[in-house]
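Undergrad: Dropping the structure in here first, questions after.
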Amino acid sequence: MQLPETLDGWLGLLEARHGQSIQLGLDRVRCVRDALDLPQTCPLFIVGGTNGKGSTCALLEAVLLAAGKRVGLYTSPHLLRYNERVRIDGREASDAVLVDAFAEVERARGDTPLTYFEHGTLAAWVAFSRAGLDAIILEVGLGGRLDAVNVFEPDCSIVTSVAMDHMDYLGDTREAIGFEKAGIFRPGKPAICGDPVPPESLLAHAEAIGAHLQVSGRDFGFAGDQNQWAFWTAGGSRRGGLAYPALRGTNQLLNAAAVMAACEAVRDILPVPMQAIRQGFMLVDLPGRFQVMPGRPAVVFDVAHNPQAAGVLNENLASMGFFPETWAVLGMLGDKDVAGVVRLLRDRVDHWLLASLPGPRGLSAARLAEILREVGVNGDISEHPSPASAYQVAAGRAAESDRIVVFGSFLTVADAMAVRKSPQ
């Protein structure tokens, strides 16, 4: 078979080749990893959790870059371009780098089938192996224990939070999900938990394998006022006078403290000066996470797609000040707790613009409307064929003093963001 010569060609091939988008298990990925024979040559962080993974990865990358390190960062999903998933030294990998990496994985896999995500994960590893890096950060796609990134051996693992999501794959209790998240921990290695109330299953697994577990609020934590915050450890150290991270949101100190704990834990193999931490927190940028756009009306993009994230979004919206009316552009996938998300935000929204999402998992606007009415939303509800069209209607109807909030899925934010950025 002739291999594709463009990134779009590769992505189209991978999407068409494997009918099941999610297929947990490590045997296939481990087999191809071994065939690639690309040894790990620098410290590796693996970051998992229900919410906060992307923000934590961005904070950690920014801190390491500020320390002068060459960093590889692999995240998912992307918003506008696949290249967002693979960053090398603070920049998106080029099409050429990704095409070469996809081809190398293809040659190595032989007859071993790989999903889209698995092939992409291994391609990121190829790209990183060629880049002469000082550190690598891999974000878990789903769960942890059986996720493709877990075939690599972290020097430090971070679980940001444990909440109810992806129950079809991870279990229908927080204890079951916590065990899956804890699967990225390693014996004798730092294991950072940013959730101040972790499930017992996570604590028990860390103890059983001999991981060096540190839990937020117990082994490290933070305190702050309106102007600055401080990081502390149970060992008695304290770092004060810290500026709040550039990422907006009341939950970002949880993520920032976990990053500081991780940096402390690996200081012997990857020293990071305090000035780099301060600088990284001030410069970090991550689209789609409570991202408030300039201009009027105010526009907020947030990929919140489960009740825990919706609760944080509700708190963040409450902290923004007064807006006469709030217009919500909502599109969600069918395997999410739509009712739970809506209940947390229904008192914050005046107008609901419901958008159909494509694909077998995407919910129609009509079904979303049914769910909203079932949970007691009786206000202004309208249905739209896509998030882009819903956003255009909201932008046309909202007053300058109003607020538009786009949320519910990466797909929702990406579609609305693309139309906002396109030339008018």
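The values are calculated or read from the model by the stated rules, or taken from the named source; none is laboratory data. All of these numbers come straight from a predicted model, not from anything done at the bench. Reconstructed Cβ throughout: ideal geometry from the backbone, glycine too, with neighbour counts over all protein chains shown. Please note that ligands, DNA and RNA were not included when accessible areas were found on the heavy atoms of the full protein model with its side chains. Shrake-Rupley method; radii C 1.70, N 1.55, O 1.52, S 1.80 Å.
Undergrad: When the distances between all Cα atoms of segment 58-124 are binned every 10 Å from zero, what whole-number percent does each bin get?
TA: Reading upward from the zero bin: 20, 46, 27, 7, 0.
Undergrad: Also, I was wondering about something else. On alpha carbon coordinates alone, what is the Rg over Rh value for the chain, Rh being the Kirkwood radius? Provide the component values of the computation, followed by the final result.
TA: Values: Rg = 21.3 Å, Rh = 22.2 Å.
For the chain, the value is 0.96.
Undergrad: May I pose another question? So if I take the centroid of the Cα atoms in segment 1-80 and the same for segment 156-175, what is the distance between those two points in Å?
TA: 20 Å
Undergrad: On to the next question. Leaving out ligands, DNA and RNA, and with a 1.4 Å probe, what % of the accessible surface on segment 99-184 is carbon or sulfur?
TA: On the way: 1280 of 2630 Å².
C and S fraction of accessible area: 49 percent.
Undergrad: Something else now. Count the net charge of all other residues whose Cβ sits under 13 Å from the Cβ of Glu5, scoring Lys and Arg as +1 and Asp and Glu as -1. Walk me through the intermediate numbers first.
TA: Numbers: positive: none; negative: Asp8, Asp95, Asp100, Glu106.
Local net charge: -4.
Undergrad: Something else about it: Using Cα springs under 10 Å in a Gaussian network model of the chain, which residue among Val377, Val126, Val341 shows the largest mean-square fluctuation?
TA: Checking each option, the largest mean-square fluctuation is seen for Val377.
Undergrad: For segment 252-377, give the percent of accessible area contributed by carbon and sulfur heavy atoms, probe 1.4 Å, rounded to a whole number. If you can, show how the numbers build up before the last one.
TA: Details: 2630 of 5070 Å².
Ligands and nucleic acids excluded, carbon and sulfur reach 52 percent.
Undergrad: Put a dot 7 Å past each Cα toward the Cβ at Ser401 and Ala223; how far apart are the dots in nm?
TA: Between Ala223 and Ser401, the label points sit 4.1 nm apart.
Undergrad: Just read off the accessible area of Glu5 with the full protein assembly in place, 1.4 Å probe, to the nearest 10 Å².
TA: 150 Å²
Undergrad: Find the accessible area per residue for the chain; the probe is 1.4 Å, ligands and nucleic acids are left out, and the unit is Å². Present the calculation step by step, with values, prior to reporting the outcome.
TA: On the way: 17460 Å² over 424 residues.
Per-residue accessible area for the chain comes out at 41 Å².
Undergrad: Write down the radius of gyration of segment 1-91 and its Dmax, each obtained from C-alpha positions, in Å.
TA: That works out to 15.7, 44 Å for Rg and Dmax.
Undergrad: Now for a separate question. How fast does segment 213-253 diffuse by Stokes-Einstein, in µm²/s, taking the Kirkwood radius from C-alpha pairs at 4 °C and 1.567 mPa s?
TA: On the way: Rh = 10.9 Å.
Here the translational diffusion coefficient equals 119 µm²/s.
Undergrad: Of Gly120, Gly132, Gly144, which has the largest mean-square fluctuation in a 10 Å C-alpha GNM of the chain?
TA: It is Gly132.
Undergrad: Restricting to the chain, compute how many DSSP beta bridges are antiparallel as a %, nearest 5. All intermediate terms of the calculation are to be shown ahead of the outcome.
TA: Working: 17 of 56 bridges.
For the chain, the DSSP antiparallel bridge percentage is about 30.
Undergrad: Compute the normalised compactness of segment 285-377: alpha-carbon radius of gyration over 2.2 N^0.38 Å, N being the residue count.
TA: Its radius of gyration relative to the 2.2 N^0.38 Å reference: 1.07.
Undergrad: Provide the FRET efficiency to the nearest 0.05 for the Arg367-Ala418 pair, computing r from the beta carbons and using R0 = 22 Å. Provide the component values of the computation, followed by the final result.
TA: On the way: r = 24 Å, r/R0 = 1.07.
Efficiency at R0 = 22 Å is approximately 0.40.
Undergrad: Rank Gln252, Gln228, Gln308 by mean-square fluctuation in a GNM of the chain with C-alpha springs under 10 angstrom and give only the top-ranked residue.
TA: Gln228
Undergrad: Taking K and R as +1 and D and E as -1, what net charge do the other residues with C-beta under 12 Å from the C-beta of Glu153 add up to? Kindly include the intermediate steps, with their values, before the conclusion.
TA: Working: positive: Arg30, Arg33, Arg186, Lys189; negative: Asp155.
For residues surrounding Glu153, the net value is +3.
Undergrad: May I ask which of Lys69/Lys421; Lys336/Lys421; Lys53/Lys181 have a Cα-Cα span longer than 23 Å here?
TA: Among Lys69/Lys421; Lys336/Lys421; Lys53/Lys181, the Cα-Cα distance tops 23 Å for Lys69/Lys421; Lys336/Lys421.
Undergrad: Under 14 Å from the Cβ of Val303, count the other residues' Cβ atoms, weight Lys and Arg +1, Asp and Glu -1, and hand me the total. Please report the intermediate quantities before stating the final value.
TA: Details: positive: Lys53, Arg248, Arg289, Lys336; negative: Glu84, Glu139, Asp165, Asp302, Asp415.
Counting the neighbours of Val303, the net charge comes to -1.
Undergrad: Rounded to a whole number of µm²/s, how large is the Stokes-Einstein D of segment 176-313 at 37 °C and 0.692 mPa s, given Rh as the Kirkwood radius over C-alpha pairs? Numbers along the way, then the final one.
TA: Numbers: Rh = 16.6 Å.
D = 198 µm²/s.
Undergrad: Each label point is 7 Å from the Cα along the Cα-to-Cβ direction; what then is the distance between the points at Ala243 and Glu153, in nm?
TA: Going by the 7 Å Cα→Cβ label model, 4.0 nm.
Undergrad: Another question, then. If the viscosity is 0.692 mPa s and the temperature 37 °C, what Stokes-Einstein diffusion coefficient in µm²/s follows for segment 140-240 when Rh is the Kirkwood radius over Cα pairs?
TA: 229 µm²/s
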